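Beneath this line is the structure, given in structure tokens, with notes to follow.
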Amino acid sequence: MVSAAPVARAGPTPRAEPMVGPEPILMARGLRLRFGKRRVLDGIDLDLFPGQVLGIAGENGCGKTTLIRVLAGMLLPSGGIVRRPDATGYAPQVPLLFDHLSPREHFRYFAAAHDIPVDLWRDRAASLLERFRFEPWESEPVSTLSEGTRQKLNLALALLSEPTVLLLDEPYAGFEWETYLTFWDYVREIRATGKAVILVSHLFYERSNFDRLFELESGRLREAA
């Protein structure tokens, strides 16, 4: 559901113009997928250009998570194609974390899995820890963290590799207000460099954060009015 409900904040935030180029940075054509007799995706086409931020809304259970997983390459469609850059980051709705590891240890193992050199990941991790205010918990086991802090770590891990395309499934669930604002400040920074974002949620409040908004219904995308 797309909503225009007002969200209070301290003064207007300038909106950067998207760096839209001639070719999409991510492209989907004719995506189809069934679960049993249910048609979840029914011929979805989507183009994401450099510097764009797209939002995809829809009711719970409409297939938003399925779509974002197909776009991320985590789930194969039964029909259609997706072309994405190698540098694609994905933050799932449910954080995939190890309870016995600390946030800093998560950064280390994530960097090793993605072949990020030590000097790079340490600098990036330090920046993310500071920006999202992890310092009090950076050495604590994840099992001791709140839901919102775990969600912040889930997002930060997707950002560690500095992906060209960022695919986010309900990324700010559980965020407090300051973290929510920090998140959108970060999105505005990376889109100004030509990176692009697709965010799925059941509800959007601030339309000005997006270049385009879509609704997923009955397996099809339609652009929101």
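Key figures
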item: Criterion violated by THR182 - all others in (1) outside any loop (DSSP other than H, G, I, E, B); (2) closer than 26 Å to ARG83 by Cα; (3) touching a residue at least 24 places away in the same chain (Cβ under 8 Å); (4) out of contact with any Asp or Glu (no Cβ under 9 Å at 6 or more places or on another chain) satisfied; result: (2)
item: Close pairs from segment 137-158: first at pLDDT 90 or above, partner acidic (Asp, Glu), Cβ under 7 Å, at least 6 apart; result: PRO141/ASP99; VAL142/ASP99; SER143/ASP99
item: Filter result for the condition that a residue is modelled with pLDDT of 85 or more and either hydroxyl-bearing (Ser, Thr, Tyr) or in contact with a strand residue (DSSP E or B) (Cβ under 9 Å, 6 or more places away or on another chain) (or both), over LEU97, LEU101, LEU76, LEU128; result: LEU76
item: Within segment 210-222, considering residues that are under 19 Å from the mean Cα position of the chain (by Cα) and either free of Cβ contacts under 8 Å to residues at least 40 places away in the same chain or in a loop (DSSP other than H, G, I, E, B) (or both), the one surrounded by the fewest Cβ atoms within 10 Å (Cβ to Cβ); result: ASP211
item: Residue list for segment 187-208, restricted to those being at pLDDT below 90 and open to solvent by 20 Å² or more (accessible area, probe 1.4 Å); result: HIS202, LEU203, TYR205, GLU206, ARG207, SER208
item: Cβ-Cβ under 6 Å pairs, at least 6 apart or on other chains, segment 50-64 side over 17 Å from VAL197 (Cβ atoms), far side open to solvent by 20 Å² or more (accessible area, probe 1.4 Å) and acidic (Asp, Glu); result: GLY58/GLU215
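Yes/no matrix, rows are residues, columns are (1) polar (S, T, N, Q); (2) open to solvent by less than 90 Å² (accessible area, probe 1.4 Å); (3) part of a loop (DSSP other than H, G, I, E, B):
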{"position": "TYR109", "(1), (2), (3)": "no, no, no"}
{"position": "ILE116", "(1), (2), (3)": "no, yes, yes"}
{"position": "SER127", "(1), (2), (3)": "yes, yes, no"}
{"position": "GLN151", "(1), (2), (3)": "yes, yes, no"}
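The values are calculated or read from the model by the stated rules, or taken from the named source; none is laboratory data. On a predicted model such as this, the values are computed, not experimentally measured, just so you know. So basically every Cβ, Gly included, is an ideal-geometry build from the backbone, and we count neighbours across all protein chains shown. Calculation scope for accessible area: heavy atoms of the full protein, side chains included, ligands and nucleic acids excluded. Shrake-Rupley method; radii C 1.70, N 1.55, O 1.52, S 1.80 Å.
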